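*Asks:* Provided herewith is a single structure, encoded as structure tokens, for subsequent inquiry.
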Amino acid sequence: MTEFTNKVVVVTGGASGIGEAIAKQFNDEGAKVVIFGRHLDKLNQVKNLLKEAIAVQGDVRNIADLDRLFQETRTAFGKVDILVVNAGVASRANVADVDEAFFDEIVDTNFKGAYFTVQRAVNYLNDGASIILISTAGCHFGWPSHSVYCAAKAAVSMLARNFSADLIERNIRVNAISPGYVKTPIWGKANTDDYNSDVPINRFATTDEIADAAIFLSSTKAAYIIGIDLVIDGGLTSFKTK
Ligand SMILES: NC(=O)c1ccc[n+]([C@@H]2O[C@H](COP(=O)([O-])OP(=O)(O)OC[C@H]3O[C@@H](n4cnc5c(N)ncnc54)[C@H](OP(=O)(O)O)[C@@H]3O)[C@@H](O)[C@H]2O)c1
């Protein structure tokens with residue numbers, strides 16, 4: 001038995017990368033897990049690795065899909081104890097080249113998607129629930145060709161404070177995690193080895209290193225931690241080495 005045994009955990013973007021690691025760790029701790037994403041094949045592959053889990057297909061940009069996510073969660077497992085708002089996309093473009101479609105895709109997925117994931121969850125959350133918002137260390141510094149992504153994520157980091165303010169009466173804690181470089185499919189075809197030297201610790205984070213923080217922030221050991229943005233980046237935003 002752990003404190004997460006039989007708790008209900010919802011992870012958006014739970015079928016790959018950071019979200020998959022978070023879903024697996026909570027499941028290993030005995031939680032019932034719901035994973036959400038657009039691709040049913042990926043969702044089913046991960047669901048089959050989990051002990052007690054369901055997969056819900058949908059798009060965080062579509063509010064009706066989010067309503068269905070929480071309805072199906074309640075039908076399968078009851079109310080939600082931990083909500084991990086993780087689904088996100090990253091694309092790069094210089095400010096001169098950003099068009100409206102690019103802007104809308106990044107903002108609608110990362111910011112609007114995060115906002116309404118929490119809003120539609122409100123009536124399905126148990127009092128005392130934990131909400132984790134996955135932001136990025138990139139919103140704590142300037143980064144060429146990442147203006148839309150980093151600004152959308154800065155908004156997500158801000159939501160940790162504002163949602164906490166709105167939900168504290170129900171003892172619902174909302175915290176953000178801002179990862180630095182983490183080896184996941186979001187990097188696409190980029191050669192991630194080329195980026196190691198940007199990071200003082202000279203390597204990418206593992207997905208489990210981010211999942212460890214999600215577990216901690218959702219635990220009773222973090223009961224007094226509310227509205228923070230926890231940067232986990234191997235020193236990327238703290239200091240330069242040259
Ligand atoms: N990896 C890094 O270096 C890094 C650093 C800082 C922050 N982050 C953040 O960490 C989070 C997880 O990313 P990751 O690195 O683990 O990348 P990933 O493996 O590409 O995971 C992203 C997940 O989000 C889901 N997703 C994307 N758009 C969606 C939509 N419209 N509706 C529903 N689900 C959607 C994807 O599933 P489908 O495609 O099947 O929908 C996928 O499961 C993201 O918010 C990302 O911005 C990553």
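*Asks:* What is the extension gain from LYS189 to ASN162, computed as 0.36 nm multiplied by their sequence separation minus the C-alpha to C-alpha distance, in nm to one decimal?
*Replies:* Using 0.36 nm per residue and subtracting the Cα-Cα distance, I get 6.1 nm.
*Asks:* Place a +1 charge on the Cβ of each Lys and Arg in the chain and a -1 charge on the Cβ of each Asp and Glu, then give the dipole magnitude about the Cα centre in debye, rounded to the nearest 20.
*Replies:* Approximately 320 debye in magnitude.
*Asks:* On to the next question. Quick one: which residues, 5 or more positions from VAL182 or on another chain, have an amide H under 5 Å from its amide H? H modelled 1.01 Å from N in the peptide plane, none for Pro or chain starts.
*Replies:* Residues meeting the amide H criterion: ALA205.
*Asks:* Now, a different point. Relative to the compact globular guide of 2.2 N^0.38 Å, what is the alpha carbon radius of gyration of the range 57-188, as a ratio?
*Replies:* My calculation over the Cα atoms of the range 57-188 gives 1.09.
*Asks:* Just to compare against my own numbers: the Cα pair-distance distribution for the range 58-109, 5 Å bins, whole % per bin, please.
*Replies:* Reading upward from the zero bin: 4, 16, 21, 18, 13, 10, 8, 6, 3, 1.
*Asks:* Here is a further query. Using Cα centres only, tell me the gap between the range 72-132 and the range 142-217 in whole Å.
*Replies:* Taking the Cα centre of each part, the range 72-132 and the range 142-217 sit 13 Å apart.
*Asks:* Next question. Whose amide H sits under 5 Å from the amide H of VAL231, counting only residues 5 or more places off or on another chain, with H placed in the peptide plane?
*Replies:* SER178
*Asks:* What's the Cα-based Rg to Rh of the range 8-232, Rh via Kirkwood?
*Replies:* When Rh is taken as the Kirkwood radius, the ratio is 0.95.
*Asks:* Would you tally the net charge around ALA55, using a Cβ to Cβ cut-off of less than 15 Å, leaving ALA55 out, and scoring K and R as +1, D and E as -1?
*Replies:* Residues close to ALA55 contribute a combined charge of +1.
*Asks:* Which value at 222 nm does the chain reach when only helices count, each DSSP H run of 4 or more adding -39,500 (n - 2.57), with the total divided by all residues and rounded to the nearest 500 deg cm²/dmol?
*Replies:* The helix contribution divided over the chain gives -11000 deg cm²/dmol.
*Asks:* Still on this structure, please answer the following. Just going by the charge dipole of the range 58-142, with Lys and Arg at +1 and Asp and Glu at -1 on Cβ, which of ILE134, PHE102, ILE82 is farthest out on the positive end?
*Replies:* So the residue furthest toward the plus end is ILE82.
*Asks:* Please state, as a whole number in µm²/s, the translational diffusion coefficient that the Stokes-Einstein equation yields for the range 1-121 at 10 °C and 1.306 mPa s, with Rh defined as the Kirkwood radius across alpha carbon pairs.
*Replies:* Result for D is 108 µm²/s.
*Asks:* Taking H placed 1.01 Å from N in the peptide plane, check which residues at least 5 places from LEU133 or on another chain put their amide H under 5 Å from its amide H.
*Replies:* So LEU133 has HN proximity to VAL85, ASN175, ALA176, ILE177.
*Asks:* Where in the chain are the DSSP H helices whose alpha-carbon span along the long axis reaches 18 Å or more and whose Kyte-Doolittle mean is at least -0.5?
*Replies:* 63-77, 147-167
All of the numbers you see were taken from the coordinates with simple rules; none came from a lab. Everything numeric in this text was worked out from a predicted model, so none of it was measured. Here Cβ is always computed from backbone atoms with ideal geometry, including for glycine, and neighbour counts include all displayed protein chains.
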